[in-house]
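One structure is given below, encoded as structure tokens.
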């Protein structure tokens with residue numbers, strides 16, 4: 001990718017985030033990719049949904065990832081945005097931007113440093129920013145057919161909740177969370193593969209305050225650059241903001257383009 005195109009892509013990502021909002025936990029596993037050579041690469045996925053007639057509902061989401069690799073160093077920039085309306089009233093508006101630096105220390109261990117900004121209008125999340133680090137261990141890796149990875153780390157975050165009438169938990173909080181994840185992948189053949197990622201993020205000063213994400217997806221290769229992607233995501237927050245449900249379940253179907 002040429003530098004001018006790279007800068008243009010970055011400006012698009014930043015603009016999308018500034019007008020958007022996102023999940024309590026972001027699954028970065030599906031955004032890593034696996035560049036086979038040094039330099040820039042990336043992928044873009046888009047999904048749309050809709051109903052008309054008795055139910056009038058529309059929705060769309062996009063994910064963009066850029067990777068840069070040289071020897072044992074990888075850098076990742078990822079952004080996502082989702083928007084939806086139900087009976088012409090907005091009911092989804094969320095997004096994030098994530099930056100990560102990865103150093104492969106040995107074939108079985110990598111060190112990671114990351115930062116992220118997140119917004120979610122319908123979770124009362126005005127802004128969440130975080131800075132963290134950790135290690136990624138390879139538990140199993142068999143060519144490109146199946147693999148298992150374990151992540152261990154922590155991050156410091158700042159969360160700002162919107163003020164709403166009758167609620168008392170608005171304002172900004174700053175604290176530490178552990179960041180633990182298990183990532184599994186299995187390829188059935190040259191065209192079909194499945195993946196599952198489970199995150200567990202407890203607050204370090206309160207074991208009763210934790211967040212869990214389980215995301216599974218099925219990807220079917222359509223060509224060298226296009227794939228059909230089916231995703232289901234379950235998120236749980238043991239201590240969500242006031243007026244917000246503990247658990248969310250979402251699913252989507254989309255097309256992914258890799259370059």
Matching entry among 84, 50 (being exposed (fewer than 13 other Cβ atoms within 10 Å of the Cβ), within 22 Å of residue 255 (Cβ to Cβ) and modelled with pLDDT under 90): 50
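To keep it simple, each residue is scored yes or no on (1) in contact with a helix residue (DSSP H, G or I) (Cβ under 9 Å, 6 or more places away or on another chain); (2) crowded, with 17+ Cβ neighbours inside 10 Å; (3) farther than 22 Å from residue 149 by Cα.
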position	(1), (2), (3)
195	yes, yes, no
213	no, yes, no
227	no, yes, yes
234	no, no, no
238	no, no, yes
256	no, yes, yes
Check segment 118-126 and report whether any residue there is loosely packed, with under 15 Cβ neighbours inside 10 Å and assigned to a strand (DSSP E or B). no
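Hey, can you tell me all the residues within segment 134-149 that are in contact (Cβ under 8 Å) with a residue 12 or more places away in the chain and either exposed (fewer than 14 other Cβ atoms within 10 Å of the Cβ) or over 19 Å from the mean Cα position of the chain (by Cα) (or both)?
Within segment 134-149, the subset in contact (Cβ under 8 Å) with a residue 12 or more places away in the chain is 134-138, 144-149.
135, 137, 138, 144, 145, 146, 147 - these are the residues of segment 134-149 that are in contact (Cβ under 8 Å) with a residue 12 or more places away in the chain and either exposed (fewer than 14 other Cβ atoms within 10 Å of the Cβ) or over 19 Å from the mean Cα position of the chain (by Cα) (or both).
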Just checking, does segment 1-15 include any residue being surrounded by 17 or more Cβ atoms within 10 Å (Cβ to Cβ), modelled with pLDDT of 55 or more and touching a strand residue (DSSP E or B) at 6+ places or on another chain (Cβ under 8 Å)? no
Just the residues that are under 23 Å from residue 110 (Cα atoms) and part of a strand (DSSP E or B), please, taken from segment 145-166. 146, 147, 148, 149, 150, 151, 152, 153, 154, 155, 156, 157
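Would you confirm, using the coordinates I've provided, whether residue 24 is closer than 29 Å to residue 203 by Cα, modelled with pLDDT of 75 or more, touching a strand residue (DSSP E or B) at 6+ places or on another chain (Cβ under 7 Å) and surrounded by 14 or more Cβ atoms within 10 Å (Cβ to Cβ)? Let's see the steps before the verdict.
Numbers: closer than 29 Å to residue 203 by Cα: yes; modelled with pLDDT of 75 or more: no; touching a strand residue (DSSP E or B) at 6+ places or on another chain (Cβ under 7 Å): yes; surrounded by 14 or more Cβ atoms within 10 Å (Cβ to Cβ): yes.
No.
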In segment 151-169, is there at least one residue being within 29 Å of residue 227 (Cβ to Cβ) and free of Cβ contacts under 8 Å to residues at least 40 places away in the same chain? yes
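The values are calculated or read from the model by the stated rules, or taken from the named source; none is laboratory data. In this text, all values refer to a predicted model and were calculated from it rather than measured experimentally. Every residue, glycine among them, receives a Cβ derived from its backbone with ideal geometry; neighbour counts consider all protein chains shown.
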